[in-house]
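Engineer: Below are the structure tokens for one structure; questions will follow.
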Amino acid sequence: MSNEQGPVAVITGAASGIGRGLAEHAATLGMRLVLADRDAAGLQALCDQLQASGVQAIACVTDVGDVTQVERLRDQAVEHFGGVDLLFNNAGVMQTGFSWEITEAQWQRMLDVNLNGVINGIRSFVPLLLSQGRTAHVINTASLAGLVSSPLMAPYNVTKQAVVALSETLHYELAMLGAPVSVSVLCPGPVASEIMASNQVVDTAGSDFSQLLDSTIRQGMTPAELAAQVFDAVAQKRFWILPHKGFKPAFERRVQSILGETNPQFQMADVEDDAHAAR
Ligand SMILES: NC(=O)c1ccc[n+]([C@@H]2O[C@H](COP(=O)([O-])OP(=O)(O)OC[C@H]3O[C@@H](n4cnc5c(N)ncnc54)[C@H](O)[C@@H]3O)[C@@H](O)[C@H]2O)c1
């Protein structure tokens, strides 16, 4: 049905950075787009730009941390396009600082957006995808922080590692059912975006770290390059999407540390190597 007119992709966090890159790439593939973000102005600007070039797109202002709004997003997608083929749970925010200096409200914001946003997406959309009885794909944006922890990013590491665990679990569950719904988890290193604008710097040590992180992200892979890799992986139904290969030694050290029961050691060079590997 809907595929005759191009698959329908729902993208959260579409107004900026990675989500915007995914939307622009999806448009080149002839997809119909349901664009979601809590930034109403940025979302409308993207939607206008895509519609002006003939893309079928709608803008749905959505806070992914609010399940009612995510259910409304699903209903808008169905009302407008009749169904959903791809769901990108992509919206996310940053928080740096010592774990114990980050306030309760700041921790809660990270849990609400980065983790509950993905949970809300899965709970609202997967029943629909299953009921459609056709192939569909869920892509959750985690991060390299979902695989390797670094200091001064506790809420980010915690939420992204939870998104990796949630994605693996969902993958196993859909396989148990033999459902035609596939899952991918996207774990990028630095990608040039506005994410550091969402960082609420609290701290003593954290401000230097957040400046380093900001410059590493600004020098990162472009969202367009990332999006091309993501859609290739989706076409291959690949679960792990790891666009930055430079992190692998850090991940190997982590696994060796766990298996050998030796204490973990963080090396800042791993983060910087990833930025270089991305160029
Ligand atoms: N940029 C990187 O280096 C990088 C690396 C790994 C993972 N990521 C992840 O990629 C995803 C996209 O981030 P980005 O780097 O493109 O950042 P970005 O700030 O450029 O874009 C994020 C978008 O999400 C939106 N958003 C934030 N909170 C929201 C909410 N509650 N509801 C709806 N929309 C919301 C913002 O308005 C923004 O448009 C995030 O999950 C982030 O953690 C980014």
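Engineer: How many residues are part of a helix (DSSP H, G or I), more than 11 Å from the ligand (Cβ to nearest atom) and either touching a strand residue (DSSP E or B) at 6+ places or on another chain (Cβ under 7 Å) or at pLDDT below 95 (or both) if we restrict to region 24-51?
Structural biologist: Count: 6.
Engineer: Determine which single condition L73 fails, assuming it passes every other condition in (1) within 12 Å of the ligand (Cβ to nearest atom); (2) hydrophobic (A, V, I, L, M, F, W, C); (3) in a loop (DSSP other than H, G, I, E, B).
Structural biologist: (3)
Engineer: If R279 meets every condition in (1) more than 21 Å from S149 (Cβ to Cβ); (2) within 14 Å of the ligand (Cβ to nearest atom); (3) modelled with pLDDT of 95 or more apart from one, which number is that one?
Structural biologist: Failing condition for R279: (3).
Engineer: Give me the pairs, please: first residue somewhere in region 84-104 and in contact (Cβ under 8 Å) with a residue 40 or more places away in the chain and closer than 30 Å to P180 by Cβ, second residue anywhere and part of a loop (DSSP other than H, G, I, E, B) and within 11 Å of the ligand (Cβ to nearest atom), beta-carbon distance under 7 Å, and either six or more positions apart or on two chains.
Structural biologist: Taking only residues 6 or more apart or on different chains, the pairs are N90/G13; A91/G13; A91/V64; G92/G13.
Engineer: Next question. Quick check on my filter: what residues within region 183-212 are over 12 Å from the mean Cα position of the chain (by Cα), at pLDDT 95 or above and either more than 14 Å from the ligand (Cβ to nearest atom) or among the β-branched types (V, I, T) (or both)?
Structural biologist: Listed by number, the list holds a single entry, V183.
Engineer: Is there a residue in region 97-110 that is more than 13 Å from the ligand (Cβ to nearest atom) and either basic (K, R) or touching a strand residue (DSSP E or B) at 6+ places or on another chain (Cβ under 7 Å) (or both)?
Structural biologist: Looking for residues that are more than 13 Å from the ligand (Cβ to nearest atom) and either basic (K, R) or touching a strand residue (DSSP E or B) at 6+ places or on another chain (Cβ under 7 Å) (or both), one finds none in region 97-110, hence no.
Engineer: Would a scan of region 34-44 turn up a residue that is at negative phi, without any contact (Cβ under 8 Å) to a residue 60 or more places away in the chain and β-branched (V, I, T)?
Structural biologist: Yes: one or more hits.
Engineer: Name the residue, out of H80, H25, that is within 22 Å of F239 (Cβ to Cβ) and of a type outside the set (G, A, S).
Structural biologist: Just a single option satisfies the conditions, and that option is H25.
Engineer: For region 45-60, state whether one or more residues are of a type outside the set (A, V, I, L, M, F, W, C) and within 15 Å of A142 (Cα to Cα).
Structural biologist: No; the residues of region 45-60 include none that is of a type outside the set (A, V, I, L, M, F, W, C) and within 15 Å of A142 (Cα to Cα).
Engineer: Where the second residue is part of a loop (DSSP other than H, G, I, E, B) and surrounded by fewer than 19 Cβ atoms within 10 Å (Cβ to Cβ) and the first is touching a residue at least 60 places away in the same chain (Cβ under 8 Å) and lies in region 230-245, which pairs have Cβ atoms under 7 Å and are six or more apart or on separate chains?
Structural biologist: Final answer for the pair search is F231/L29.
Engineer: Which numbered condition trips up V78, out of (1) within 23 Å of L144 (Cα to Cα); (2) more than 18 Å from the chain's Cα centre (by Cα); (3) among the aliphatic types (A, V, I, L, M)?
Structural biologist: Only one criterion in (1) within 23 Å of L144 (Cα to Cα); (2) more than 18 Å from the chain's Cα centre (by Cα); (3) among the aliphatic types (A, V, I, L, M) is unmet by V78, namely (1).
Engineer: Follow-up question, since we're still on this one. Restricting region 8-23 to residues that are more than 6 Å from the ligand (Cβ to nearest atom) and in contact with a strand residue (DSSP E or B) (Cβ under 6 Å, 6 or more places away or on another chain), which is nearest to F125 (Cα to Cα)?
Structural biologist: V10
Engineer: Let me ask something additional. Given the structure, is S149 in contact (Cβ under 8 Å) with a residue 24 or more places away in the chain and farther than 30 Å from P180 by Cα?
Structural biologist: When the stated conditions are applied, S149 passes them.
Engineer: So which residues in region 152-167 are assigned to a helix (DSSP H, G or I) and either without any contact (Cβ under 8 Å) to a residue 40 or more places away in the chain or over 16 Å from the mean Cα position of the chain (by Cα) (or both), if there are any at all?
Structural biologist: Answer for region 152-167, where residues must be assigned to a helix (DSSP H, G or I) and either without any contact (Cβ under 8 Å) to a residue 40 or more places away in the chain or over 16 Å from the mean Cα position of the chain (by Cα) (or both): A154, N157, Q161, V164, A165.
One line per residue, one yes/no per condition, for (1) more than 30 Å from S131 (Cα to Cα); (2) buried (at least 22 other Cβ atoms within 10 Å of the Cβ); (3) in contact with a Lys or Arg (Cβ under 6 Å, 6 or more places away or on another chain):
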residue	(1), (2), (3)
S149	yes, no, no
V158	yes, no, no
Q161	no, no, no
V164	no, no, no
S167	no, yes, no
L186	no, yes, no
P190	yes, yes, no
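Engineer: Specify which of the listed residues (F239, F231) is of a type outside the set (G, A, S), at pLDDT 90 or above and over 16 Å from L144 (Cα atoms).
Structural biologist: It is F231.
The values are calculated or read from the model by the stated rules, or taken from the named source; none is laboratory data. The model shown is predicted, which means the values in this text are computed figures rather than measured ones. All Cβ positions, even for glycine, are placed from backbone atoms using ideal geometry, and neighbour counts span all protein chains on display.
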